[in-house]
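See below for the structure under consideration.
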Amino acid sequence: MATAAAAAAAHNNLNAKLVLLGDMGAGKSSLVLRFVKGQFLEFQESTIGAAFFSQTVSVNNSTVKFEIWDTAGQERYHSLAPMYYRGAAAAIIVYDITNTDSFARAKKWVQELQKQGNPNMVMALAGNKADLEDKRKVTAEEAGVYAEENGLFFMETSAKTAININDIFYEIARRLPRTQPAQTPAGMVLVDRQAEGSRAASCCT
């Protein structure tokens, strides 16, 4: 009986790798910092490569431990992105509602994930900086239609005021399939220097 209970408990506890993608300055790091630590920094330094966070949420009688990779938005780091989104259970594609270029860039990320990402990935589109309504360039209607047409769910968020920040992660947790394929512990393999040479040839083909 105890074994069955333990198995049921294990089934209700998920580890889910989640990646944030989007243009530099869209607010990815601020969004994660607000979710994980409840903080907002007015001046957030640009992420170099990627930053890792974890946070656990309870939803529908189960717990989901998010292993969150916050990727850098600069173009020079783009080639590293597949290392983080490969095998991810979920992705949040972030754009800035005051910047049409960042919305266009978000669409490119969606296309890339649709082609190369996990086919069962839960994808969310986050229109960040919703507190800057007077500077808005991308309407919620336009983004909502795009998300619906491409199988994403959409929320406008504000890391500054915390609008919908927790909600978007809880909605992802609700949508995750309850039978996860086996994943490596942190969602990616960190190899030692000796193994790196043999792995490099097949890593990014």
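Brief remarks on what is shown
- Looking only at residues in the stretch 154-175 that are in contact (Cβ under 8 Å) with a residue 40 or more places away in the chain and under 11 Å from Gly127 (Cβ atoms), the one that is surrounded by the most Cβ atoms within 10 Å (Cβ to Cβ) is Thr157.
- Candidates Gln111, Gln116, filtered to the one that is over 15 Å from Gly27 (Cα atoms), surrounded by fewer than 19 Cβ atoms within 10 Å (Cβ to Cβ) and modelled with pLDDT of 95 or more: Gln111
- Those residues of the stretch 155-175 which are more than 15 Å from Leu14 (Cβ to Cβ) and β-branched (Val, Ile, Thr), in sequence order: Thr157, Thr161, Ile163, Ile165, Ile168
- Single residue of the stretch 126-153 satisfying the filter (touching a strand residue (DSSP E or B) at 6+ places or on another chain (Cβ under 7 Å) and among the hydrophobic types (A, V, I, L, M, F, W, C)) that is surrounded by the most Cβ atoms within 10 Å (Cβ to Cβ): Ala126
- Considered as a group, the residues in the stretch 120-153 that are without any contact (Cβ under 8 Å) to a residue 24 or more places away in the chain and of a type in the set (Val, Ile, Thr) include one that is nearest to Ser29 (Cα to Cα), and that residue is Thr139.
- Residue match in the stretch 122-133 (condition: modelled with pLDDT of 95 or more and in a helix (DSSP H, G or I)): yes
- Of all positions in the stretch 145-153, none carries a residue that is modelled with pLDDT of 95 or more, among the hydroxyl-bearing types (Ser, Thr, Tyr) and either outside any helix (DSSP H, G or I) or touching a Phe, Trp or Tyr at 6+ places or on another chain (Cβ under 6 Å) (or both).
- Residues satisfying the stated conditions in the stretch 161-195, i.e. at pLDDT 95 or above and either among the hydrophobic types (A, V, I, L, M, F, W, C) or in a loop (DSSP other than H, G, I, E, B) (or both): Thr161, Ala162, Ile163, Asn164, Ile165, Ile168, Phe169, Ile172, Ala173
- Among the residues of the stretch 83-100, the one identified as assigned to a strand (DSSP E or B) and over 13 Å from the mean Cα position of the chain (by Cα) is Asp96.
The values are calculated or read from the model by the stated rules, or taken from the named source; none is laboratory data. Please read these numbers as outputs of a predicted model, since none were measured by experiment. Cβ atoms come from the backbone with ideal geometry, glycine included; neighbour counts cover every protein chain shown.
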